[in-house]
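One structure is given below, encoded as structure tokens.
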């Protein structure tokens, strides 16, 4: 199977490309990314994919292009005969999306529309879409199952673009019965590949907890602000479903296996099903690394809820996939990446 | 005030342009439309706008362009100094949207994004968006107020594009506090201007009830199929909130008046607040026209609900607007248009 991976130079993208190749199931990949959020070398190639290439000891076909440019995408579809698409590309900062909503809607929706258009034109009918737990909005029930309500109370444009993209692709799949669509709703990916060659490399100050923690540990940042400690949780800090990025990446490999037979649209939560609090994460990180993380308590962020974690049973039953790596692995691999690459891919 | 009207050559667009000019409140208009759904003359001008020009005895500035072509829009924004935009342009067939979802999402969302981009770039901060009762999905309460839930159970991509466009514009307005956004949610516009020079001119077989009825009356179609007569309504047929298109058009004039002072985003239902059943509409039409409309009962359409009507109180209180024309006016004016233009604008 020949797979187009969009957003391949991202945190999840690079790990997914690696797992696809290492799965030894005959997957070949073609990677695209506009590197708006990734470091490129002097040839315009994404450094993280060069690293993947180093790990697997194979070249990784890559094209630096923007999905919003429909004409850039067409030659790729003409040349390559894709059997499936894994669509990961998107702007992903919640805070930035609130400040620059048009940028987020334009980029994430237009990219999705252009890609779907090419798939329809070149008869690529197997599609994996990278969605997010944010589509559930503030959960009305825990754990969140794939049948939990979506779309209600989403408080930021980033989450809306994921919700809208899901809707667009589900309607396209409904109108084109030969389409096989799998939507993967990610919970909170953390960690890094055990090689320490690839990992999360946020631009500027990290928006997410664990990269922030590891940058404090390495001395790049001074103190971790914990946003709110009066939630109704084990220790008052927010609880989330953190999942090792390598487990998440493997979920994509298992999703592709579903395309061996025709399917209706399928939706899967990718999480561990276990929630850990911010404080628990920090403690686990301190234990694994032996470093002390200075913290202070700040105000809860608008729209943040106490607890979010999923029921991952469906993915286990249907995809034969479940998260295998634990909290210690997440912390150890993150720290390995951080210490080996204190400046990220720079 | 200089107003850009998109989708100006449509049924609602042409009536809105007419009311804006006839309001004598100093509004000047600039019209754009790609005429994908309107008849153009040999110069590429929309015939319905030529007719408006004839009624008001003034030229109507018009440009045949597609909002999906961002570069076509820019020169207009550069040349004209718009004070406000009324964005009506969209593909609007529910059935077609189910068959061709990508077409609908691309056209309606991309058009909206391009237009908003231009408004931000050229600092046009007053925006009226043409939305629809379909954003409410199957109503959980009647009458529908502006606070009724939206987004849940919308069964077609057309309705989704309206819901998504609302969301996009509300987020843009939130991020740009100088923006003044008014969302108008239309119920079921029918009728025509009393001159009989402009009216609804559907391509092919009409999707909506009243154009179908009038085409049966004029002998173009043989028999009206009533979709379901076992709903829980006065006579078993579906009940909707039909509103005279001239009343609806006047709602836009009143909306513009709100821009004299800065506002937060405002949302208004434009309907009469009174529901009539399909059978009642047919009977009223027969009474006014003296024509017998042959009907037969067909299956209810998937997703159709028994009753949809709104509470229009908010528009009355805040906009000083309410529907003034009744069922008889709707039928009489539709029939006047139909008999004067049996082939529409052809």
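Hey, quick one: spin label on residue B:218, modelled 7 Å out along Cα-Cβ, who in segment B:180-199 has an amide N within reach, i.e. under 14 Å? Hits in segment B:180-199 for residue B:218 at 14 Å: B:191-193, B:196-199.
Here residue B:205 and residue A:313 are evaluated by their C-beta separation; at R0 = 56 Å the FRET efficiency comes out at 0.70.
P(r) tail for segment B:1-138, what percent of Cα pairs lie past 23 Å? For segment B:1-138, the share of Cα pairs beyond 23 Å comes to 33 percent. State the antiparallel share, in %, of DSSP beta bridges confined to chain A, rounding to the nearest 5. Taking every DSSP beta bridge within chain A, about 10 percent pair in antiparallel fashion.
For peptide A:170-179, what's the mean number of Cβ atoms from other chains within 10 Å of each residue's Cβ?
Rounded to a whole number, the mean comes out at 3.
With a 10 Å cut-off around each Cβ of A:103-110, the average count of Cβ atoms from other chains is 5.
All Cα-Cα separations within segment B:102-178 were binned at 5 Å from zero, giving a P(r) of 3, 15, 24, 21, 17, 13, 6, 1, 0, each value a whole percent of the pairs.
Within 10 Å of the Cβ of each residue in A:111-118, the mean number of Cβ atoms contributed by other protein chains is 2.
At 25 °C and 0.890 mPa s, grab the translational diffusion coefficient of segment B:7-67 from Stokes-Einstein with a Kirkwood Rh over Cα pairs, rounded to a whole number in µm² per second.
216
From least to most packed, judged by other beta carbons within 10 angstrom and beginning with the fewest, A:58, B:162 follow the order A:58, B:162. Computed over the Cα atoms of segment B:2-340, the ratio of the radius of gyration to the Kirkwood radius (Rg/Rh) comes to 0.94.
Rounded to a whole number of µm²/s, how large is the Stokes-Einstein D of segment B:183-266 at 10 °C and 1.306 mPa s, given Rh as the Kirkwood radius over C-alpha pairs?
102
Restricting to bridges with both residues inside the protein assembly as shown, how much of the DSSP beta-bridge set is antiparallel, in percent to the nearest 5? Of all bridge pairs located within the protein assembly as shown, approximately 10 percent are antiparallel. Pairs of Cα atoms nearer than 8 Å and 6+ residues apart set the relative contact order; for chain B it is 19 percent. Neighbour counts of other Cβ atoms within 10 Å put B:267, B:76 in the fewest-to-most order B:76, B:267. With its label point put 7 Å out from Cα toward Cβ, residue A:140 sits 0.5 nm from the same residue's point in the other copies, in order from shortest. Sorted fewest first by neighbouring Cβ atoms within 10 angstrom, A:313, B:81 come out as B:81, A:313. So for the protein assembly as shown, considering every pair of alpha-carbon atoms, how many percent are separated by more than 33 Å? Roughly 53 percent, rounded to a whole number.
Helix content alone sets the calculated 222 nm mean residue ellipticity of chain A: runs of n ≥ 4 DSSP H residues at -39500 (n - 2.57) each, divided across all residues, give -11500 deg cm²/dmol. Restricting attention to segment A:1-76, close to 10% of DSSP beta bridges with both partner residues there are antiparallel. Label-to-label distances for residue A:153 across copies, nearest first, come out at 2.0 nm, using points 7 Å from Cα in the beta-carbon direction. Note that segment A:245-346 carries a Kirkwood radius of 16.4 Å, evaluated over its alpha carbons pair by pair. Given R0 = 56 Å, the distance between the Cβ atoms of residue B:225 and residue A:261 translates into a calculated FRET efficiency of 0.90. Comment: the Cα-to-Cβ extended label point of residue A:230, at 7 Å, lies 5.7 nm from its counterparts in the other copies, nearest first.
Relative to the compact-globule estimate of 2.2 N^0.38 Å, the Cα radius of gyration of segment A:88-241 comes out at 1.20. Placing a pseudo-label 7 Å from each Cα along the Cα-to-Cβ vector at residue B:283 and residue B:36 gives an inter-label distance of 4.0 nm. Shown is the FRET efficiency for residue A:232 and residue B:69, computed with R0 = 56 Å from the Cβ-Cβ distance and rounded to the nearest 0.05: 0.60. Show log10 I(q)/I(0) for segment B:41-100 at q = 0.13, 0.25, 0.26 Å⁻¹, two decimals, from a solvent-free Debye sum over equal Cα scatterers. Summing over Cα pairs of segment B:41-100 leads to -0.52, -1.19, -1.20.
Quick note: the coordinates plus some simple rules give every number you see, no bench work behind them. Since the structure is predicted, the reported quantities are computational estimates derived from the model, not experimental observations. We place every Cβ from the backbone using ideal geometry, glycine too, and count neighbours over all the protein chains shown.
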